[in-house]
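Asker: Mind having a look at this structure? Questions to follow.
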Amino acid sequence: MKELTKAEDQVMQLLWKLENAFVKDIIEQMPDPKPAYNTVSTIIRILEKKGFVSHNAYGKTYEYFPVVSKKEYTRSYMKNFMRNYFSDSFQEMVSFFAKEDNMSLTELDDLMDDVKRDLQKNKSEENEQRS
């Protein structure tokens, strides 16, 4: 999956939030100074070409909606991030952020508990699918 530029990410964040929207709806949600209509329209067409967005046509007006979920994109982005910056090691990534953010032992324990819980949940779901 391709990575989003900053501008594309900003539009996608709003589209994920709105679920479906016309260009004017997206612009209304943007901070001031608001970009030009044509700028946002161009970004959406690029997102459509990349496979992130699709539309419903109402005459000459298009209502856009995300085709890629935020969770799906986040998963792909984080996998690439981990591979590119932390040698594909979750442990290295967590260690880096723990040191940089001065995480307390309690916060680190909570994080590890969350990871263990998610891993157990995933294993349970895989076992159910095999049955």
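Asker: Taking the residues in segment 68-115 that are modelled with pLDDT under 90, among the aliphatic types (A, V, I, L, M) and under 24 Å from Leu4 (Cβ atoms) as candidates, determine which candidate is surrounded by the fewest Cβ atoms within 10 Å (Cβ to Cβ).
Answerer: Met78
Asker: Return the pair list, or none, for Cβ contacts closer than 6 Å from residues in segment 55-79 that are touching a residue at least 40 places away in the same chain (Cβ under 8 Å) to residues that are in a loop (DSSP other than H, G, I, E, B) and of a type in the set (A, V, I, L, M, F, W, C), at least 6 apart or on different chains.
Answerer: Qualifying pairs under 6 Å: Glu63/Phe22; Val68/Phe52; Ser76/Met1.
Asker: Which pairs do you get when a residue that is under 14 Å from Phe90 (Cα atoms), found in segment 102-122, comes within reach of a residue that is open to solvent by less than 80 Å² (accessible area, probe 1.4 Å) and of a type in the set (Val, Ile, Thr), reach meaning Cβ atoms under 7 angstrom, with the pair 6+ apart or on two chains?
Answerer: Pairs that qualify, where the first residue is under 14 Å from Phe90 (Cα atoms) and the partner is open to solvent by less than 80 Å² (accessible area, probe 1.4 Å) and of a type in the set (Val, Ile, Thr), are Leu111/Val94.
Asker: Confirm whether Ser41 is modelled with pLDDT under 95 and out of contact with any Ser or Thr (no Cβ under 6 Å at 6 or more places or on another chain).
Answerer: No, not satisfied.
Asker: Within segment 21-29, does at least one residue satisfy the condition of being touching a strand residue (DSSP E or B) at 6+ places or on another chain (Cβ under 7 Å) and at pLDDT 90 or above?
Answerer: yes
The values are calculated or read from the model by the stated rules, or taken from the named source; none is laboratory data. In this text the structure is predicted, and so the values were computed from the model without any measurement. Backbone-built Cβ (ideal geometry, glycine too); neighbour counts: all protein chains shown. For the accessible areas, the whole protein counts, side chains as well, though only heavy atoms, and no ligand, DNA or RNA atoms are used. Shrake-Rupley method; radii C 1.70, N 1.55, O 1.52, S 1.80 Å.
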